[in-house]
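**Q** The structure's right below; bear with me while I get my questions together.
What follows draws every value from the coordinates through simple rules; no lab data is involved. Here the structure is a predicted model, which is why all the values come from computation and not from measurement. Glycine gets a Cβ as well: all are built from the backbone with ideal geometry, and neighbour counts include every protein chain shown.
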Amino acid sequence: MRRPGTGPRPIHNPPNPWLSTDVEWLEPLRARLEPHLDATREILSRNESPDIPFRWSVNPYRGCSHACAYCYARPTHEYLGLGAGTDFDTRVAVKLGAPALLRAAFERPSWKGEQVAFSGVTDCYQPLEASYRLTRGCLEVCADYRNPVSIVTKAALVERDLDLLARLCREARCHVTLSLPFLDEAVARALEPGAPTPARRLLTLRRLAGAGVPCGVLLAPVVPGLSDEEIPRLLEAARAAGATRAGWLLLELPGSTQAVFEERLREALPERAGRVLHRIRETRGGALDDRRFGLRMRGSGPYADAIAGLFEAAARRAGFGADGRGEEEPPSTFSRPSERLQLRLL
């Protein structure tokens with residue numbers, strides 16, 4: 001949420017490439033959070049990208065009020081006829097049927113109990129989750145079916161579900177990763193104004209680890225020329241908080257995300273904007289983004305190689321093991337409640 005007293009931001013969206021008209025208001029309107037019903041009929045999304053370490057994901061929401069300027073998911077709002085800027089931050093689609101849809105998917109004979117990732121696109125523990133409890137409902141389904149789960153979030157709200165996470169750890173598999181791109185609170189507030197502070201995320205890591213939940217840290221995104229110098233301190237802080245795995249992703253700026261990020265960067269950090277944009281281009285072959293598989297998550301060129309080398313050395317020094325990418329998924333713990341009941345009756 002925005003800090004008390006700051007009020008809603010003016011509405012600003014880059015032109016939607018899928019619409020033939022664009023509206024500019026002479027007097028800027030103010031953006032307020034507006035949940036919208038999403039009557040989707042499927043909740044499990046299948047990933048085909050070789051760059052992403054999971055096949056199946058659940059996204060109970062579209063859009064995210066964490067309002068991260070760099071969010072790669074922003075252009076997905078344009079397919080809904082909305083904008084990738086303030087619309088993405090405030091006009092959040094809520095999938096009220098998510099838990100029931102997930103239960104139905106798990107009952108299909110074709111479902112074999114592969115790990116399900118929360119969320120993959122937008123944060124499953126964004127502020128609306130406190131009211132709608134859709135992520136919790138989906139996790140309850142996963143616990144009932146003993147289906148393995150992984151979670152990536154920035155939000156302290158994940159602590160609310162420690163009881164479910166502990167149950168999943170006992171009866172299935174569960175791993176929680178905290179996304180932590182920055183330690184500098186001012187930079188974090190400028191680029192991810194609706195997300196918890198870095199210090200609060202480290203406290204969440206400590207509480208998860210203290211409850212016995214396997215947890216890790218994801219430096220995502222690493223912003224060249226801005227946050228790469230923080231990599232060693234980020235990893236040391238996360239390790240001290242109890243993280244056992246660490247990973248990183250280079251900043252991605254697909255489509256309209258470029259305009260949103262550059263505008264926020266120049267507005268909030270004007271003295272650093274030119275250097276940051278120059279460094280990004282150094283890792284993307286002179287452009288602000290490169291969508292090629294194998295490069296979009298890591299970049300290319302000497303500066304990208306230097307970031308990768310710095311992360312690897314700092315991770316070893318901090319005491320982290322492998323990040324788990326590329327590992328073969330263990331046998332599933334999945335079982336349907338009805339099948340377990342039948343076995344007990346025999």
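**Q** Exposure proxy check: V152, V187 ranked by fewest other beta carbons within 10 Å?
**A** Placing the least packed residue first, the sequence is V187, V152.
**Q** Additional query: Return the sequence-ordered ³J(HN,Hα) values of the range 132-140 in whole Hz as given by the Karplus equation 6.51 cos²θ - 1.76 cosθ + 1.60 applied to θ = phi - 60°, using x for Gly and Pro.
**A** Couplings: 7, 6, 6, 4, 4, x, 5, 5, 4 Hz.
**Q** Scan around S179 for amide H atoms under 5 Å from its own, H built in the peptide plane at 1.01 Å from N, and keep only partners 5 or more places away or cross-chain.
**A** Under 5 Å from the amide H of S179: T153, K154, L218.
**Q** R0 = 22 Å: FRET efficiency of A308 with A186, Cβ-based, nearest 0.05?
**A** 0.25
**Q** Can I ask one more? As a test of the formula, what do you get for the chain when each DSSP H run with n ≥ 4 contributes -39,500 (n - 2.57) and the sum is divided by the residue count, at 222 nm and rounded to the nearest 500 deg cm²/dmol? Don't jump to the answer; show the numbers that get you there.
**A** Working: 12 runs with 123 residues, N = 346.
Theoretical 222 nm ellipticity from helices: -10500 deg cm²/dmol.
**Q** Around L253, which amide H atoms from residues at least 5 apart in sequence, or from another chain, sit under 5 Å from its own amide H, with H modelled in the peptide plane?
**A** Residues meeting the amide H criterion: D290.
**Q** Given the options R206, R189, R336, state which has the largest fluctuation in a GNM of the chain using a 10 Å cut-off (strictly under) for Cα springs.
**A** Among R206, R189, R336, the largest GNM mean-square fluctuation belongs to R336.
**Q** Short version: ³J(HN,Hα) in whole Hz for each residue of the range 191-203, in order, from phi by Karplus 6.51 cos²θ - 1.76 cosθ + 1.60 (θ = phi - 60°), x for Gly and Pro, what are they?
**A** 9, 9, x, x, 8, x, 5, x, 4, 5, 5, 5, 5
**Q** How high is the FRET efficiency between R160 and L203 when r is their beta carbon distance and R₀ equals 22 Å, given to the nearest 0.05?
**A** The value I calculate is 0.95.
**Q** What residue among S150, G286, A199 has its Cα farthest toward the positive end of the dipole of the range 36-318, where the charges are +1 on Lys, Arg and -1 on Asp, Glu, each on the Cβ?
**A** It is S150, whose Cα lies furthest towards the positive end.
**Q** Follow-up. Can you work out the Karplus-derived ³J(HN,Hα) for every residue in the range 253-269? Use 6.51 cos²θ - 1.76 cosθ + 1.60 with θ = phi - 60°, whole Hz, and x for glycine or proline.
**A** With the stated coefficients, the range 253-269 comes to 10, x, x, 5, 4, 4, 5, 5, 5, 5, 4, 5, 4, 5, 6, 8, 10 Hz.
**Q** Here is a follow-up. How many nm separate the modelled label positions at R170 and R340, each set 7 Å beyond the Cα in the direction of the Cβ?
**A** Label at R170, label at R340, 1.1 nm between them.
**Q** Using the Cα centre of the chain as the reference point, and only Cβ charges (+1 on K/R, -1 on D/E), how large is the resulting charge dipole? Debye, rounded to the nearest 20.
**A** The calculation lands at about 880 debye.
**Q** With unit charges on the beta carbons (Lys and Arg positive, Asp and Glu negative) and the dipole taken about the Cα centre of the chain, which residue among T333, L295, G321 sits farthest to the positive side?
**A** After comparing all options, I get T333.
**Q** Next question. Could you list the residues of the range 172-199 with an amide nitrogen less than 18 Å from a label point located 7 Å from the Cα of E328 in the Cα-to-C-beta direction?
**A** Counting backbone N atoms under 18 Å from the label point, the list is empty.
**Q** Right, another one. Between A211 and A240, with labels modelled 7 Å along Cα→Cβ, what's the label distance in nm to one decimal, could you check?
**A** Simple spin-label model gives 2.4 nm for this pair.
**Q** Under a 5 Å amide H to amide H cut-off, with H placed in plane at 1.01 Å, what residues pair with W56 once short-range neighbours are removed?
**A** The list, which skips near neighbours in sequence, is N47, A117.
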